[in-house]
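Taken together, the values in this text are just the output of simple stated rules run on the coordinates, not laboratory data. It should be emphasised that the depicted structure is a prediction, and the values quoted were computed from it without experimental measurement. With ideal geometry, Cβ positions are generated from the backbone for all residues, glycine too; neighbour counts draw on all protein chains shown.
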Amino acid sequence: MLERFAELTTAHIADACVRAGVPVRTVSLTAVVGDRVAGRVLPAQHVGSVDVFLEAFESAAEGDVLVVDNGARTDEACVGDLVALEARAAGIAGIVIWGLHRDTVDIRAIGLPVFSLGALPTGPLRLDPQPADALSMATIGPWTVTREDVVLADEDGAIFVPSARVEELFALAESIRDTEHRQADAIRGGRTLREQVSFTQYLTGRAADPSLTFRQHLRAVRGAIEE
């Protein structure tokens, strides 16, 4: 999956979701280590103790991505170097954190891809009850993800897609990527994007029919740059 994603971006996947009618479940995250990760979601709801991660690793499959739900808290870091080391030992492909991390220098030395909302020296100073579904689902931004989902992350953030539709979305994303590359090459060659999408024609058409949208026009001229 990572090899297939290596030639794509999360932006391509997001556009493919729009094209396929799949909810676009994205969040803004920053890469601490590595520039991308892809794999099945291994969810874990953090409640103040590292044991939830250790328990998650007990049932992990090679290539899973630990997705940590810490409620986007900014008063504590929930993942540090020991969790990253243990994740790597368990065959985890990377860690995506809806919250903060710490031990940045050590995590970078470990080399396991990690994405988070930022860093903070302070670890958890609390211990809350662990929910019954702590290892079956995670809430990331407004989205709920499970082991039936795949997470893809790069420099733009993370996107979650249903595992059953990954191949379909990859194929659509590759088509979108190829179209955009052709359009970019044409711009570099002196043919503006306005020319490529017959923008003057669109303006004329909109003047005659104010209900005409740019997306409708793009479909007509097969210049899909927005969807």
* **Selected from Thr200, Thr144, Thr104 as most flexible by GNM, with the chain as the system and alpha-carbon contacts under 10 Å** => Thr200
* Structure fact -> Rounded to whole angstrom, the alpha-carbon centroid of region 190-221 lies from that of region 59-84 at a distance of 46
* Structure fact -> Extend 7 Å from the Cα of Glu55 along its Cα-to-C-beta direction; within region 126-147, residues with backbone N under 11 Å of that point are 129-136
* Asked: Placing +1 at every Lys and Arg Cβ and -1 at every Asp and Glu Cβ, with all other atoms neutral, what dipole size does the chain have around its Cα centre, in debye to the nearest 20?
  -> 1000
* Could you give the size of the charge dipole of region 129-227 about its Cα centre, using +1 on the Cβ of each K and R and -1 on the Cβ of each D and E, expressed in debye and rounded to the nearest 20? => 560
* Translational diffusion coefficient (Stokes-Einstein; Kirkwood radius from C-alpha pairs) of region 67-179 at 37 °C, 0.692 mPa s, in µm²/s -> 212
* Select from Leu193, Leu100, Leu117 the residue whose mean-square fluctuation is largest in a Gaussian network model of the chain (Cα-Cα springs shorter than 10 Å). => Leu193
* Whose amide H sits under 5 Å from the amide H of Phe115, counting only residues 5 or more places off or on another chain, with H placed in the peptide plane? -> Val32, Ile95, Val96, Ile97
* **Cα centroid separation - region 107-183 against region 2-22, whole Å** => 13
* Under a 5 Å amide H to amide H cut-off, with H placed in plane at 1.01 Å, what residues pair with Val79 once short-range neighbours are removed? -> Arg102
* Taking a ≥ b ≥ c as the square roots of the eigenvalues of the Cα gyration tensor of region 30-131, is the shape rounded (a/c under 1.5), prolate (a/b larger than b/c) or oblate? -> oblate
* Asked: With Rg and the Kirkwood Rh both taken from Cα atoms, where does Rg over Rh land for region 1-55?
  -> 1.05
* Under a GNM of the chain (C-alpha, springs under 10 Å), which listed residue has the highest mean-square fluctuation: Asp64, Asp103, Asp185? -> Asp185
* Volume per residue that the Cα convex hull of the chain spans, once the total is divided by residue count, Å³ -> 143
